[in-house]
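Note sheet for the following structure.
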Amino acid sequence: MKNTAQQHLKPFFQKYFWLLAVGALALYTLAFADRYYVTALGLGVQQGLITAKTVQAALLWLTGILLTLKLYLITVRAKDKFKGGYRFFYYFSFLNWPAAVLLLLTLVFQAPQQSADLVQYWTSSRFTEKPVQITNTYKSCGPNSSCTLVVDTSNQGRFRVNGYMNSLILAYEPHITALRYLPASRRIINIRTAEGWLE
């Protein structure tokens, strides 16, 4: 059965390789290329970043749901292995897969915090706007070589910045006088200089 499935999947991927590649590139652009929303779509810095983060949050939740369903499917297929006293672990898995996925989305991707921020932003234009003095910036890189810009301020604590905002802060760092950010996830959505908020 497994070999039959592989035989069907192999020609499928060969036949639709370029279509899948274009689809993956489009999905990446929609989810993570926030510069695209700001520049190519002409939404401006704040609205562009908010739109990008909304798409990111939607795709994260969709991925979480699909991952949960996949884990359920694996558990059901292995049902026969949970016999006798091990039956407890079968039901325990069903109850805890959603919690495990939610924990992953919370600790790694901040999906619940960011989603709560976005709901408040879209419904009541709520965000935090504070004057700041940036005291230090440096890049923190993980084992997979992906780097995050760490921004220390004298009065608003520390921010971790990715994407297009990363390059904006580095470009305007000496001139930044205030920040707009989402309060729960602490995502910076705009910066102010002596000339005003970025557009």
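Computed from the coordinates by the stated procedures, all read-outs in this text should not be read as laboratory data. Note that the structure is a prediction, hence the values are computed from the model and not measured. Neighbour counts are summed over all protein chains in view; Cβ atoms, including those assigned to glycine, are modelled from backbone coordinates with ideal geometry.
Observations
- Convex hull volume per residue in cubic angstrom - Cα atoms of segment 31-142: 172 Å³
- Model label zone, PHE89; criterion: amide N under 11 Å from point 7 Å along Cα-to-beta-carbon; scope segment 68-83: 81-83
- Gain on full extension, evaluated as 0.36 nm per residue between VAL76 and THR148 minus their Cα-Cα distance, stands at 22.0 nm.
- Within segment 32-56, backbone nitrogen closer than 16 Å to the virtual label 7 Å beyond the Cα of ALA171 toward Cβ: 34-49
- Computed E for LEU107/GLN133 - FRET, C-beta separation, R0 22 angstrom, nearest 0.05: 0.15
- Globularity ratio of segment 106-146, using Cα Rg and 2.2 N^0.38 Å: 1.65
- Each label was represented as a point 7 Å from its Cα along the Cα-to-Cβ direction; for LEU59 and LEU43 these points are 1.2 nm apart.
- Rg(Cα)/(2.2 N^0.38 Å) for segment 76-199, N = residue count: 1.52
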